[in-house]
Amino acid sequence: MAMLLGEENKRPFVPKKTHPIETGKYLIATKEVIRMYSEIKQWIENRAPGGIAYGRPRLGKTRAVRYIRNELPLDFGEGLPIFQLNCRQNNRPNENLFYEELLSDFGHALPYKGRVTMKSERLINFLKLKAEESGTRRVVIFVDDAQRLEDLHYNVLMDIHNKLDQDGITLTTILVGQPELEHRRSAFVHAKQAQIVGRFMVHEYKFSGIKSLIELETCLAGYDEVSEYPDDSGWSFTRYYFPDSFVPTKQGESLMETDETQKPKPKGFRLKNYAEEVYTLFDDLRKQAGIKKKLEIPMQYLALSVEYLFKKYGVDGKRIDYLNLEHWNEAIRRSGYLENEFYEDLF
């Protein structure tokens, strides 16, 4: 249906509290996420049995996994079987419970019925079916919070790997977790448990937060340009919350204009135009708080800061046209960033 004249400038209707900024259910492809995707994509292409991806808490690893899971079918086909296990904290892990968690998280209809041998067989048959239906003869499993895995869990995963391998199906298991995961790998190497290291830990990737001005600008530009809601509406998150000052541009049109002094200046409100000032602000706030570690901004706290600004100062809040450093200072402090960094700095 052809768009009516002026309709492209009409703010789309979104039910209250359902915009991704309100729910937190959205993905911004940072440079770090793209690097991680490229690395894990290579593991899968090479049919590697597995690898570890680790980093300190709240850097955005869980969101990165969500992004990677969404992107992998574009490279390997829509049918690629991709599953995710969210590790629980179990004081007394046992094989039966672990198979139930695997079946449940993978979406099997009967995760709890029968003895452990039946659950094991049910899981293997389920994964074989998915691999064969896809035509790829591959299965990819992401394990989140993998630092919680115990020896028993690794033995179950090895058993699954071996049984699939016997049928010519490649299982790639990506363990995602905190730095303890790297220490766990070192312990397995020291204990000469090559069967675990060889299957799940040969490859490794260290996940980082935002460490440079360019990375911060890329993240902020994601809200300005790449994000969009509703789908195919042409309304980025920044435009939706600051529609009066956003000034949309056509494809190929410059985002800069010259003022009366002939100096170039940004045309319209964009978060990325604040990147340099905000990067300096993060650094200054850390120094004022006595935080000594090198600047590394977890994506979670940047996202919380942006969401706060959009909701409080955007069109549904105080409806201001432009932000200043006081607004950013307020948002960063309310995000909990400084408390988290101070705690991390103790270790």
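The values are calculated or read from the model by the stated rules, or taken from the named source; none is laboratory data. Since this is a predicted model, take the numbers as computed values, not measurements. Don't worry about glycine lacking a Cβ; one is built from the backbone with ideal geometry, like all the others, and counts go over all protein chains shown. Calculation scope for accessible area: heavy atoms of the full protein, side chains included, ligands and nucleic acids excluded. Shrake-Rupley method; radii C 1.70, N 1.55, O 1.52, S 1.80 Å.
Of all residues in region 121-144 being among the charged types (D, E, K, R) and in a helix (DSSP H, G or I), which is nearest to K61 (Cα to Cα)? Give the derivation first.
Our first condition is that a residue be among the charged types (D, E, K, R); within region 121-144, this holds for 121-122, 128, 130, 132-133, 137-138, 144.
Narrowing further to those that are in a helix (DSSP H, G or I): 121-122, 128, 130, 132-133.
Values: E121: 32, R122: 30, K128: 28, K130: 26, E132: 30, E133: 30 Å.
Checking each candidate, the answer is K130.
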Handout entry: Residue under evaluation R88, criteria (1) loosely packed, with under 13 Cβ neighbours inside 10 Å; (2) over 27 Å from the mean Cα position of the chain (by Cα), criterion not met
Key = (2)
Practice task
Kindly provide the set of residues from region 275-295 that are aliphatic (A, V, I, L, M) and part of a loop (DSSP other than H, G, I, E, B), ordered by number.
Solution key: A289, I291, L295
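From the residues in region 93-108 that are assigned to a loop (DSSP other than H, G, I, E, B) and modelled with pLDDT of 95 or more, which one is most open to solvent (accessible area, probe 1.4 Å)?
Among them, the one singled out is G107.
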Problem - Flag if I40 is open to solvent by less than 80 Å² (accessible area, probe 1.4 Å), at pLDDT 90 or above and among the hydrophobic types (A, V, I, L, M, F, W, C) - result: yes
Handout entry: Of all residues in region 321-347 being within 23 Å of S245 (Cα to Cα) and open to solvent by 100 Å² or more (accessible area, probe 1.4 Å), the one that is modelled with the lowest pLDDT
Key = Y322
Practice task
Among the numbered conditions (1) among the acidic types (D, E); (2) open to solvent by 30 Å² or more (accessible area, probe 1.4 Å); (3) touching a residue at least 60 places away in the same chain (Cβ under 8 Å), tell me where E133 comes up short.
Solution key: (3)
Exercise for the section: Look through region 10-35, keep the residues that are among the hydrophobic types (A, V, I, L, M, F, W, C) and part of a helix (DSSP H, G or I), and return whichever of them is most open to solvent (accessible area, probe 1.4 Å). Expected result: I34
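Go over the candidates R58, R47 one by one and state the one that is charged (D, E, K, R), in contact with a Ser or Thr (Cβ under 8 Å, 6 or more places away or on another chain) and either in a loop (DSSP other than H, G, I, E, B) or open to solvent by less than 10 Å² (accessible area, probe 1.4 Å) (or both). Reasoning before the result, please.
Details: R58 fails: in contact with a Ser or Thr (Cβ under 8 Å, 6 or more places away or on another chain).
None of the other options fit; the residue is R47.
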Practice task
For region 156-207, name all the residues that are touching a residue at least 60 places away in the same chain (Cβ under 8 Å) and among the hydrophobic types (A, V, I, L, M, F, W, C).
Solution key: V156, L171, I174, L175, V176, L181, F200, M201, V202, F207
Fill in the blank from the handout: Residue pairs within 7 Å by beta carbon, gap of at least six or interchain, first lying in region 284-300 and of a type in the set (S, T, N, Q), second surrounded by 10 or more Cβ atoms within 10 Å (Cβ to Cβ), listed first then second, are Q300/R58; Q300/G60
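To keep it simple, each residue is scored yes or no on (1) open to solvent by less than 30 Å² (accessible area, probe 1.4 Å); (2) at pLDDT 95 or above.
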| position | (1), (2) |
| --- | --- |
| E121 | no, yes |
| N125 | no, yes |
| E150 | no, no |
| I169 | yes, yes |
| V176 | yes, yes |
| G198 | no, no |
Handout entry: Residue satisfying condition, being touching a Cys at 6+ places or on another chain (Cβ under 7 Å) and within 28 Å of L302 (Cα to Cα), within set T62, T18, T23, T30
Key = T30
Problem - Any hit, region 285-304, residues being open to solvent by 30 Å² or more (accessible area, probe 1.4 Å), within 19 Å of T238 (Cβ to Cβ) and either of a type in the set (S, T, Y) or touching a His at 6+ places or on another chain (Cβ under 6 Å) (or both) - result: no
